[in-house]
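Single-structure report; data block below.
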Amino acid sequence: MKPKRILWVDDEIDLLRSHIIFLSEKGYEVDTVTNGEDALSNVKENIYDLIFLDEMMPGMGGLATLGHIKDINPNIPVVMITKSEEETLMDEAIGGKISDYLTKPVNPSQVLLVCKKILEGKRISGQFAAKDYLQDFNEISQQLLNNLDYSEWINVYQKLVNWDMELDTHPDIGLRQTLNDQKKEANKEFSKFVEKNYKFWVNNEKDEYSPPLSPGIVTRNVEKYLSDSNASVFFFVIDCLRLDQWLIMEKHLLDYFKIEKEYYYSILPTATPYSRNALFAGLYPSEIEKNYPNLWTNGDDDERSMNKYEKELLQAQLDRKRIKLRNDLKYIKIIDPEVGRNFEQNILSYQNTQFTAVVVNFLDMIAHGRSDSDILKEIAPDEAAYRSLTNAWFTHSSLLATFKLLSKMSNAKIIITTDHGSIRSLRGAKVLGDKEASTNLRFKYGRNLKVDEKNAIFIKNLADYKLPKRGVTISYIIAKEDYYFVYPTDYHKFLTYYKDTFQHGGISMEEMILPVITMEPK
């Protein structure tokens, strides 16, 4: 690899000869000039990786020279060397015009540190990231051999997500496949864990070994704020939000809010008609069907037919708990950018409303849209790019603008969660069933369903899982890990069509382990 090339500009360059020799011994190639005019000539004729620039020079001063250097090549890192410690120089550094500054007299170790930070920082941090991940890899692998409880699984998932995002910043260290393989192994064990324990959880939800589940979230995370009659409580449910996507979004909110996170497990299937209805109703699907048959329909499991009554289900939950609001519950469903902009523009009109529930559907649209759009697949070919797409959307979204406006409301209490996540589905599982079986890719219900038990759990007694009755002979299958269901008819066509799409409805950490965020304005 070619040595990094440095230009040092100082009218007293001879006094710095020992520093230059020191850098040469460390493998850097250093050119020197004594004035701004010669510096500009060199920058025009040569390619430099870093420039040290004296602030006080006869003729063209350091700041004037800096401006001309940036005109020639705005991407060259420049370190200003000054005799003063004026705050304006610090502001210049923070503003990005200079990469760093040093105060005279400088010593060789200071100079070397700056060189390493600017020229080799990414490589060095990548080496340490690789070392740290390999250590965590061994710890996680050891954990997977143990009988983990639900909170320990949350911890494992957090670690894997954090490493996923860390490796986004170090794409060249060659550990992405290792991490993907470990996530795959973790989901295999997680699926076994859920299959073994889920029936106990839904029938013993107050047991210490049962995780918080969808029906308990309003009670656990929202209700306490409703006891303050002066507060304006905003409950956002962002459909299909994964933990990694939330962490991307959270970075944009840290300057505006104090943020706390908890976690819960989605019920099965991890699909909107089940998990989100349970979230709003505070009940399991079978209980909704029994207690509010007019609010539960037996149509197709899609957004329009199965989630028409979220406001009514939420109001029914408040009524059962005898929670009296000072004014009517407000409910908004943001299904397109125009609705989002209208909500943003009118957000101040909600500051006197005690409880506002908001459903945001955009991320779910991205997940489903990517399945059908070659352009979206090219934009987001993998999970790192999917996170980047989430970031691009949120940065320019009305949702971020809405949150910023809410940060100015001193009485605002904001709770954010989701009904389920999604998983990148990579393996097909052949399924048999009658023609009236549901069409979902990660779960199905119908008669005579057959699938390899390695790929899915089979649910015959629906009451055990608190699933709605759909007929005497109806059963469910729910996909494990990253499998998706494909019928034998045109098997290879649909296997290829749905491979590498983001789906939900099944059992995986990405779909089931979900954040609940509480934000208060700073």
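The values are calculated or read from the model by the stated rules, or taken from the named source; none is laboratory data. What you see is a predicted model, and the numbers here were worked out from it, not measured in a lab. We place every Cβ from the backbone using ideal geometry, glycine too, and count neighbours over all the protein chains shown.
Within the set Ile217, Ile267, the sole residue that is assigned to a loop (DSSP other than H, G, I, E, B), in contact with a Leu (Cβ under 8 Å, 6 or more places away or on another chain), surrounded by 21 or more Cβ atoms within 10 Å (Cβ to Cβ) and aliphatic (A, V, I, L, M) turns out to be Ile267. Do we find a residue being among the aromatic types (Phe, Trp, Tyr), without any contact (Cβ under 8 Å) to a residue 24 or more places away in the chain, closer than 29 Å to Ser210 by Cα and in contact with a strand residue (DSSP E or B) (Cβ under 8 Å, 6 or more places away or on another chain) anywhere in region 452-467? Within region 452-467, one or more residues are among the aromatic types (Phe, Trp, Tyr), without any contact (Cβ under 8 Å) to a residue 24 or more places away in the chain, closer than 29 Å to Ser210 by Cα and in contact with a strand residue (DSSP E or B) (Cβ under 8 Å, 6 or more places away or on another chain). Residues that are assigned to a strand (DSSP E or B) and buried (at least 20 other Cβ atoms within 10 Å of the Cβ) within region 430-445 comprise Val431, Phe443, Lys444, Tyr445, listed in sequence order. When restricted to residues that are at pLDDT below 90, in a helix (DSSP H, G or I) and either of a type in the set (Lys, Arg) or over 30 Å from Lys404 (Cβ atoms) (or both), region 286-311 contains 6. Does region 418-435 include one or more residues that are without any contact (Cβ under 8 Å) to a residue 24 or more places away in the chain and not assigned by TED's automatic domain parsing to the domain that holds Asn230? Scanning region 418-435, I find at least one residue that is without any contact (Cβ under 8 Å) to a residue 24 or more places away in the chain and not assigned by TED's automatic domain parsing to the domain that holds Asn230, so the answer is yes. Looking at region 41-135, the strands (runs of 3 or more DSSP E) lying wholly inside it that each contain 1 or more residues that are at pLDDT below 90 sit at 78-82, 100-103. In region 479-522, counting only strands (runs of 3 or more DSSP E) that sit wholly within it, the ones holding 3 or more residues that are within 18 Å of Gly428 (Cβ to Cβ) span 483-486, 501-503. Only one of the listed residues (Leu279, Leu268) is touching a helix residue (DSSP H, G or I) at 6+ places or on another chain (Cβ under 6 Å) and either at pLDDT below 95 or within 27 Å of Asn162 (Cβ to Cβ) (or both). That residue is Leu279.
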